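Have a look at the structure below before the remarks.
The values are calculated or read from the model by the stated rules, or taken from the named source; none is laboratory data. Being a predicted model, the structure only gives us computed values, none of them experimental. With ideal geometry, Cβ positions are generated from the backbone for all residues, glycine too; neighbour counts draw on all protein chains shown.
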Amino acid sequence: MRLLLDANLSPKRFGAVLARRGHDVVSLASDPILGALDDPQVLELAARDQRIVITRNSGDFGPILREWAEGGRHHAGCILIWSYSHHQFGPMVKGITELLDRWPDPAHWSDLSLAL
């Protein structure tokens, strides 16, 4: 699966684990230019590159995703992490992995937003 980790997720703790599981991972935190993108630009980048966004910034991405849906704009999917704190690395990775394993076809993720 093609994934885009928002700047609020560690490329080492999240990106490396997901890459070892066979996913193609781009991490905004690994690149100062990408890390400086604002949230709408992050979703645009992910949509253009056909990557599922994974973010803990649910409060900002929720309204952006709603705006895109209402405007008929399409994206490759989004996983919004709502219910875990930063120190709950294991449960977050497990939840992300379960979602990706449950729907391994990228076509299923088109315009889909799921919360953890």
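So the values come out like this:
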{"item": "All positions within segment 11-33 that are of a type in the set (Gly, Ala, Ser) and either buried (at least 17 other Cβ atoms within 10 Å of the Cβ) or on the phi < 0 side of the Ramachandran plot (or both)", "result": "Gly15, Ala16, Ala19, Ser27, Ala29, Ser30"}
{"item": "Number of the exception - Met92 against (1) modelled with pLDDT of 95 or more; (2) part of a helix (DSSP H, G or I); (3) touching a helix residue (DSSP H, G or I) at 6+ places or on another chain (Cβ under 9 Å)", "result": "(1)"}
{"item": "Test: residue in segment 34-54 that is under 17 Å from Ala7 (Cβ atoms), surrounded by fewer than 16 Cβ atoms within 10 Å (Cβ to Cβ) and of a type in the set (Gly, Ala, Ser)", "result": "yes"}
{"item": "Candidate set: segment 95-108, residues that are in a loop (DSSP other than H, G, I, E, B) and without any contact (Cβ under 8 Å) to a residue 40 or more places away in the chain; chosen: the one nearest to Ala76 (Cα to Cα)", "result": "Asp105"}
{"item": "Pick from segment 11-25, criterion in contact (Cβ under 8 Å) with a residue 60 or more places away in the chain and assigned to a loop (DSSP other than H, G, I, E, B), ranking: nearest to Ile52 (Cα to Cα)", "result": "His23"}
{"item": "In segment 26-44, the residues that are assigned to a helix (DSSP H, G or I), more than 17 Å from Arg66 (Cα to Cα) and in contact with a helix residue (DSSP H, G or I) (Cβ under 7 Å, 6 or more places away or on another chain)", "result": "Leu28, Ala29, Ser30, Leu34, Gly35"}
{"item": "Which listed residue is at positive phi, surrounded by 11 or more Cβ atoms within 10 Å (Cβ to Cβ) and either in a helix (DSSP H, G or I) or touching a helix residue (DSSP H, G or I) at 6+ places or on another chain (Cβ under 9 Å) (or both), from Asp60, Asp111", "result": "Asp111"}
